[in-house]
Structures are given as structure tokens and as C-alpha cells.
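What follows is calculated from the coordinates using simple rules that are stated; it is not laboratory data. The shown structure was predicted, so the numbers you read here are calculated from the model rather than taken from an experiment. When we count neighbours, we look across all protein chains shown, and the Cβ atoms used for this are built from the backbone with ideal geometry, even at glycine.
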Amino acid sequence: MSFPISGVHIDPIYLILVGFVVGVLGGFFGVGGSFLAGPALFGFGMPMNFVVGTDLAHIVGKSIVAARKHRTLGNIDLKLGGIMVFGTIAGVETGAQLIQQLKKTAHVDVAVGIAFIVILVGISGFMTWESWRTIQMRRAEARSGKKQSKREAARDDRSAFAHIAQSIQKIGLPPHISLPVSGIERISLWSIIGVSYVGGLFSGFLGGGAGYIRMPSMIYLLGIPTHIAVGTDLFEIIISASYGTFTHALKGNVDILIALVMHTGAAIGAQIGATLTQYFAGVRIRLAFIPLPLIGAAIVIHGLLHGHPPK
């Protein structure tokens, strides 16, 4: 099928399947899924500026579906999500402006592609290290005689790097707020704004909701429990992706027809993914997340090395 806006030919079944897979993963991990959807569209011949804008457009509807499900499960901190919006919007606009500058130099595909690879491999590497350290910590506790019931083990969300979040929570820069839903008594407002700005920057520059940056950042930097980070990130993605879609549409970077086709599969997958989170402990969710950025990086590397398929 031909999509005249972006000038590519893609089988709609392919788009629906990609949307469904991204929907399941997004609902489960609290991410927009651009680490897979973006590389998939790029690998099928779509110019990178259209990849970024179109990916943002398709995840808006999917994130609404997934966030509603997480809300019923009690996994969304609305106060945290509302604060993060301000930093995210500023970051998204910064990223979108960077894309515009790169479009003028004709190096947008290479620059965004390399940034994708570095970020995705880095995230996967860090989460592998953290998960291994956390598992080793729990095994040491078990050997020392500390026992947990199955219910306690399922709810155990501790990380071997919890001290990082504790240090950030002690930052004295006012104003400070509390996040009762996330179990945080005191944290600087600027810490939240900083994390959300970086997430928004990558959202505007690389496409999607940048949950692959924000979700781990909320866990490791802010100390948000994994299940709450998943749900809250989806809520925040609705706003950031909507703004990102708007600003990229004004710049001519959105193929709305492709986004709508992908959403037909994503809406179904998102509900399935959100439901599955209640059956997994936090560390298991983090472990399952590790290979996904690597898959996305591999697709981008293939596209950069071999070029786009002929249109």
C-alpha cells in the first residue's frame, strides 16, 4: 500500500502487527515503544524525520488505552505525572528543533540513527548490570537466613542501586514536595523537572514517548517503584507524545495514515500488556525489558549499514 505523505510503500498487515507488538510491550513496560517501532519504520524505508513524527502520533492512542488500564490497577501517580509534563514539553520542543536543524544538513538519518544506537545499548547494558547486582544481593540475603513469603517476594522492588535515588532525594534545592502514591516523603521539584526534561529531549529527537529513558530514570534516579513508574510514564507519554505530534506535524514530519493503521493493532496490544504487569515483580519486569533496546539498536544498525530498501 502506498502512503503519499511520506512517499513509502508498506504492507498494512505489517504495520498492524508492529503496532500490536509495540502495544503489548508499551503496556507492560510503560514505554511508547519507539525503540522498536521507530527502527521498524526506518528499516522499511521511511525517512528518519517521518519516523520520529509518525511514531509519536501512533503512540498517543495506544498510551491512552494502556494508561486507563494501569489507572484501574492503581499504578499511576497523577501528581508526579502532572509535574513531569512541564519538563517534558520543554524537552520535546528542544529535540524537535534539533531535528529541524539536522534536516537542513541532510544528515538527519545518520545522526538520529547513531544516537538511537548509543542510547539503546547504554540503557540495556546498565539495566543488565543493575538486575544482576540486585539478584546477587537477594541471593546473599537468602544465604544469610533472611526469608520472604511468596507474596513479599512478588512485591519486593528493591534495587542494588537504590542509594542513587536516595542521594537525589536528599538534594536540598527548594521547593520540595512529597509523592504519597510513590512512597516518597520528600524530593526536590527540580529533580523531577530535570528527569522529565531529558526524557522529553529524547522524545522530540528520537521519536516516541522516550519511555525507554524516562521509565528507568524514574526507577533509578527518583526512586519510584517499578509498577508505579510503568503506569505513570504511560500517563505522561500521552501528554508528551501529543505535544510532540503537534509540533512535528507543523514541521511536516507526520504521516497520519500510517499512524492510524498502526494504532488498530496497538490499542489491542496495550490492554494485554497492562494486564500482565500485575503478575510480575519489579525486578522481573526490568529483566524482561533488557533485550528490547538491543533489538531496536540492531534494526537501526542494519538500516544504516545496508541503506533503505528501494521505494
Long-range HN-HN contacts of residue 184 with modeled amide H, under 5 Å: 179
Fully extended contour minus Cα-Cα distance, from residue 72 to residue 118, at 0.36 nm per residue: 13.0 nm
Spin-label proximity, residue 129 to segment 161-200 - amide N less than 19 Å from point 7 Å beyond Cα toward beta carbon: 161-168
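Quick one: which of 104/251; 62/103; 79/251 span more than 21 angstrom between C-alpha atoms?
On the way: 104/251 12 Å; 62/103 28 Å; 79/251 32 Å.
Violating the 21 Å Cα-Cα cut-off are 62/103; 79/251.
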Highest-fluctuation residue, 42, 86, 202 considered, GNM on the chain with Cα pairs under 10 Å: 86
Fraction in percent of alpha-carbon pairs per bin - 10 Å, segment 171-294: 11, 37, 35, 15, 2
Highest-MSF residue in the chain out of 266, 90, 67 [GNM, Cα springs under 10 Å]: 90
Equivalent ellipsoid semi-axes - Cα gyration tensor, the chain, angstrom: 33, 21, 18
Shape call, segment 1-102: gyration tensor on alpha carbons, a/c limit 1.5: oblate
Gaussian network model of the chain, Cα within-10 Å springs - most flexible of 250, 17, 294: 250
Förster radius 30 Å - calculated FRET efficiency between residue 190 and residue 298 (Cβ-Cβ, nearest 0.05): 0.25
Calculated FRET value between residue 13 and residue 278, using beta carbons and R₀ = 25 Å, to 0.05: 0.20
Potential extension, residue 170-residue 141 segment - 0.36 nm per residue separation minus Cα distance: 7.8 nm
